[in-house]
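Data block below; observations after.
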Amino acid sequence: MKLTLGYALIAMLVAIIFFTGSASAQTGIVKGRIKEQGGKSLEGVLVRATNVKNKTDLHDTLSDAKGDFEFASLPAGAYSLSFEKQGYKTFITRKLEVAGGETLKLSQTIELKREGEPYSVIHGAVLYGVGYSLPNASVTIERIDGGKKFKQETVSREGGEFAFRLRAEKAKYRITANARGFQPASTEIEVESEEVRNIALTLLPAK
């Protein structure tokens, strides 16, 4: 009975070793480093490995304080890696082949670019009569809520369109349109944060 039990334990141990070796042969290691473009290492970057053939096969990890990341047991196959962190533009690699039992180290450090500052946009059109567009009208925007002074001027295009790009912050503006032979027209608008607003200014003939 003891002999039989001993053989059973040995068989179980061999099976475990075989299974472990077989599993490791079917997975690979992927590692690399991430930093800000022209700057320091980036911690807390979400690195996602997506199987090229099966898009639902996803594997996630995070970069550490040194910007290093590692997938310790990625099933063999073809993957693309994406790198995401708030305030930075997402970066996606080309297809990478992960071989079982091997380590793939990215030859170059991944550099993430910072996103531009958030902004608001006011789109508009200068019109006259019953919906006719008015090109070459002078359009001025001015901040009127007592905040930091801001004033800008542009000219309406062929279809009467104009646009102003502003900082994404709560503010109140007055937009005024002028054109020869017409009375000026203005409107006031409040912007809360990063958003797009649309307005129309209709000019009446001068008296």
(message) Just to be sure I understand the model, the point goes 7 Å from the Cα along the line to the Cβ. What's the resulting residue 108 to residue 66 distance in nm?
(response) 2.3 nm
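Please give the charge dipole size of the range 149-207, origin at the Cα centre, charges +1 on K and R Cβ atoms and -1 on D and E Cβ atoms. Round to the nearest 20 debye.
Details: 11 positive and 9 negative charges, 66 e Å.
The calculated dipole for the range 149-207 is roughly 320 debye.
Note the full-extension length gain between residue 53 and residue 153 as 0.36 nm times their separation in residues minus their Cα-Cα distance, in nm to one decimal.
30.8 nm
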(request) Identify which of 71, 83, 162 has the largest mean-square fluctuation in a Gaussian network model of the chain, with springs joining Cα atoms closer than 10 Å. (result) 162
(request) Provide the per-residue ³J(HN,Hα) series for the range 191-197, in order, calculated from phi with Karplus coefficients 6.51, -1.76, 1.60 and θ = phi - 60°, each as a whole number of Hz, with x at glycine and proline positions. (result) 10, 8, 7, 7, 7, 10, 10
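What's the local net charge at residue 28, with K and R +1, D and E -1, over the other residues with C-beta under 12 Å away? Kindly include the intermediate steps, with their values, before the conclusion.
Working: positive: 31, 105; negative: 70, 97, 102.
Result for the neighbourhood of residue 28: -1.
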(message) What is the angle, in °, between the Cα long axis of helix 2-25 and the longest principal axis of the Cα atoms in the chain? Nearest 10 is fine, range 0 to 90.
(response) 30 degrees
(request) Obtain the nm distance between the two label points defined at residue 43 and residue 168 by a simple spin-label model: each point lies 7 Å from its Cα along the Cα-to-C-beta direction. (result) 2.5 nm
(message) Only Cα pairs within less than 10 Å get springs; with that Gaussian network setup on the chain, which residue of 77, 44, 181 has the largest fluctuation?
(response) 181
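State to the nearest 20 debye the size of the charge dipole of the chain about its Cα centre, where the only charges are +1 on K and R beta carbons and -1 on D and E beta carbons. Spell out each step's value before the answer.
Working: 29 positive and 24 negative charges, 63 e Å.
Around 300 debye, computed over the chain.
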(request) Within the set of other residues whose C-beta is less than 10 Å from the C-beta of residue 119, count the net charge using Lys and Arg as +1 and Asp and Glu as -1. (result) -2
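Rounded, prolate or oblate: which fits the range 110-207 when a ≥ b ≥ c are the square roots of the eigenvalues of the alpha-carbon gyration tensor, with rounded for a/c under 1.5 and prolate only if a/b beats b/c? Can you show the working numbers first?
Details: a/c = 2.77, a/b = 1.84, b/c = 1.50.
Prolate, since a/c reaches 1.5 and a/b exceeds b/c.
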(message) Can you tell me which of 119, 132, 173 moves the most in a GNM of the chain? Springs connect C-alpha atoms under 10 Å apart.
(response) 132
(request) Compare the Cα positions of 28, 100, 134 along the charge dipole of the chain (+1 at Cβ of Lys, Arg; -1 at Cβ of Asp, Glu; about the Cα centre) and return the one farthest towards the positive end. (result) 134
(request) For residue 199, list long-range residues whose amide hydrogen, built 1.01 Å from N in the peptide plane, is under 5 Å from its own amide hydrogen. (result) 123, 124, 125
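Of all beta bridges DSSP finds with both residues in the chain, what is the antiparallel percent, to the nearest 5? Display every interim value, and only then the final one.
Numbers: 52 of 66 bridges.
Percent antiparallel among DSSP bridges in the chain is about 80.
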(request) Enumerate the calculated ³J(HN,Hα) couplings along the range 105-116 in order (Karplus 6.51 cos²θ - 1.76 cosθ + 1.60, θ = phi - 60°), each rounded to whole Hz, writing x wherever the residue is Gly or Pro. (result) 10, 4, 5, 10, 5, 6, 10, 9, 8, 5, 6, x
(request) Output ³J(HN,Hα) for the range 167-184: one whole-Hz value per residue in order, computed from phi by the Karplus curve 6.51 cos²θ - 1.76 cosθ + 1.60 with θ = phi - 60°, and x for Gly and Pro. (result) 5, 7, 8, 5, 6, 10, 10, 10, 10, 10, 10, 10, 8, 4, x, 10, 6, x
(request) Please list the radius of gyration and Dmax for the chain, considering alpha-carbon atoms only, with Å as the unit. (result) 30.8, 116
(request) Quick one: which residues, 5+ away or cross-chain, put their amide H under 5 Å from the amide H of residue 161? H built at 1.01 Å from N. (result) 126
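Any read-out appearing in this document is the output of simple, stated calculations on the displayed coordinates, not a laboratory observation. This one's a predicted model, so the numbers in the text were calculated from it and none came from an experiment. As a convention, Cβ positions derive from the backbone with ideal geometry for all residues, glycine included, and neighbour counts pool all protein chains shown.
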